[in-house]
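J.: Please see the structure below; I have some questions.
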Amino acid sequence: MAKHSDRNRVVESGVTGCDLRTDDRNSLIPLGSTLGMLGGGQIGGFFAESALRFGYKVAVWDPSPNAPAKRYASVAFDAPFDDPDTLTKFADVSDCASLEWENIPVSLTNALEKIIRVRPGSKSLGLAQDRTQEKQFLTENHIPVTKYAVIENPSELGGVQLELPWIVKTATLGYDGHGQWRISNSRDIADIQDVLKGNGPWVVEQVVPFKIELSVVVGYDGGTKLVHFPPTENIHENGILRISISPARISSEVERRAEDLAQEVIKNIGEPGVFCVEMFLLENEDLLVNEIAPRPHNSGHHTIDTFTVSQYELQIRALTGLPLVTPQQITSSVLLNVLGDEYTNLTDLYTTTSILQNQSARIYSYGKQDVRPGRKMGHILFNGPSQGDLLSEALETHKILTK
Ligand code: AMP
């Protein structure tokens, strides 16, 4: 496989490793090569599991020694992401790299891109990790978004000219509802100003009364080939994804518009990889893009079981240059996330067996050692032909796990 010492060599078959001088869109990364993964959570874990099935090896870099994806890694690195020696070692063992978390430092992907192929690359990562840049990019490309303002300082909050209520979001490092505050009326402004302190800038968004939240996962080869999954319908609780329903309960006309919008966003970014575009469907059927994830998404885990090709397989194909194919749905699904302490309830043998008595249920545990409130510890997938039944089963299980 391509290593530093032979990286500039074209292998005999005419297929190159990660040689930057020959790394064009069509060069293939042969089976048996090592795929690098930045971040070691459940998304990196599902990527790694799929990569092993293809016949690749995986190198995982995550500062947490117990990161779930490391269970599948032939090489693992525990250093902080700004460690230069680990950068060299990671690039040395990896023939190319992808990522599973939008807070991987752009300085790291920038440096890695000079040595190996990184998909998706620094442009999409930069957009996804800074809400101000993301909103500006979407607006410049005529993609509809919620009305918003950017403030550098909490004192500017009083001057925001948007109809209330608002959500204030940190521009960087927010996730799962962290770094977000609701302002329902003008009396809340002073309280939130006190909370914000000095970690700006912030994006202030008008709260939209959406009907449904949707996510569309798109795979792109960086050239002419774009493929997508049909929209998934997402239900959040306290800003955390709780339930994902596939296919979303929307008309075929909305489905087509959501898919077109997601593809338009990814074409405008122009980088190969797998992305998720999250959006709001309003009462009047307008769609607004909320955010872009430069990676497979937690609302797409069901694709492992219910599509002809999963979002992780597409991530591997987009990374290695193997053909992107259009995913075909085999059956419907409802995915229930298991958060924090609910995982302890799930591991109670009586609960585990009663859930698994249902032949449509599959339990996925992510292998996270620390249980923290709201942390995604696993999910239960209900799949089968009757979406109504699956949803009832998921809601019943939600009740059992949260009681
Ligand atoms: P985000 O981190 O931007 O994905 O926000 C987390 C969740 O908060 C979203 O999935 C929505 O449920 C809710 N949310 C975020 N922004 C808005 C908005 N402008 N209007 C209404 N709900 C929102």
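Quick note: the coordinates plus some simple rules give every number you see, no bench work behind them. Predicted model, so just to flag it, every value in this text is computed and none were measured. Glycine also receives a Cβ, built like all others from the backbone with ideal geometry; neighbour counts cover every protein chain displayed.
J.: Compute a Gaussian network model of the chain, connecting alpha carbons closer than 10 Å, and tell me which residue from V150, V118, V218 fluctuates the most.
T.: Residue with maximal mean-square fluctuation among V150, V118, V218: V150.
J.: To continue, here is another question. Could you work out the local net charge near L324, counting Lys and Arg as +1, Asp and Glu as -1, over the other residues with Cβ closer than 9 Å to its Cβ? Before the final figure, lay out the partial values.
T.: Values: positive: K225, R317; negative: D221.
Around L324, the charge tally is +1.
J.: In nm, to one decimal, how far is the modelled label at A190 from the one at S354, with both set 7 Å along Cα→Cβ?
T.: It works out to 5.0 nm between the two label points.
J.: Counting other Cβ atoms within 10 Å of each Cβ, which GluC sites (Glu not before Pro) in the stretch 260-302 have at most 11 and sit in a DSSP loop? Walk me through the numbers on the way to the answer.
T.: On the way: sites: E264, E278, E283, E285, E291; in loops: E283, E285.
In loop regions of the stretch 260-302 (DSSP not H, G, I, E or B), the sparsely surrounded GluC sites (Glu not before Pro) are E283.
J.: Restricting to Cα pairs below 8 Å that are 6+ residues apart, what does the relative contact order work out to for the chain? Please round to a whole percent. Could you put the intermediate results ahead of the total?
T.: On the way: 854 pairs, mean separation 53.9, N = 403.
So the answer I get is 13 percent.
J.: Now a separate question. Report the paramagnetic label zone for L395: residues of the stretch 193-237 whose backbone N is under 15 Å from a point 7 Å from Cα along the Cα-to-Cβ axis.
T.: Correct set: 235-236.
J.: Measuring from centroid to centroid over Cα atoms, what is the spacing of the stretch 153-227 and the stretch 323-390 in Å?
T.: 29
J.: Another question, then. Which of K368/K399; K114/K197; K169/K376; K147/K267 have a Cα-Cα distance over 26 Å?
T.: Values: K368/K399 23 Å; K114/K197 37 Å; K169/K376 21 Å; K147/K267 23 Å.
Check vs 26 Å cut-off fails for K114/K197.
J.: Out of P296, I240, V309, whose Cα points farthest toward the positive end of the dipole of the chain (charges: +1 Lys, Arg; -1 Asp, Glu; placed on Cβ)?
T.: Selected residue: V309.
J.: Could you list which residues have their amide H under 5 Å from that of L99, counting only those 5 or more apart in sequence or on another chain, with H placed in the peptide plane?
T.: Under 5 Å from the amide H of L99: L38.
J.: Considering only the other residues whose Cβ falls under 12 Å of the Cβ of I189, what net charge follows from Lys and Arg at +1 and Asp and Glu at -1? The partial results should precede the final answer.
T.: Values: positive: R182, R187; negative: E156, D188, D191, D194.
Net charge around I189: -2.
J.: Here is a further query. Have a look at H297, H379, H142 and tell me which one the Gaussian network model of the chain (Cα, springs below 10 Å) gives the largest fluctuation.
T.: H142
J.: Mind pulling the per residue volume of the convex hull built on the Cα atoms of the chain? Å³ is fine.
T.: Roughly 146 Å³ of hull volume per residue.
J.: What's the extension gain from N141 to E283 if we count 0.36 nm per residue and subtract their Cα-Cα distance?
T.: Numbers: separation 142, 0.36 × 142 = 51.12 nm, distance 2.39 nm.
My answer for the length gained is 48.7 nm.
J.: Among R119, R187, R53, whose mean-square fluctuation peaks in a Gaussian network model of the chain (Cα, cutoff 10 Å)?
T.: For the chain, modelled as a Gaussian network with Cα springs under 10 Å, the answer is R187.
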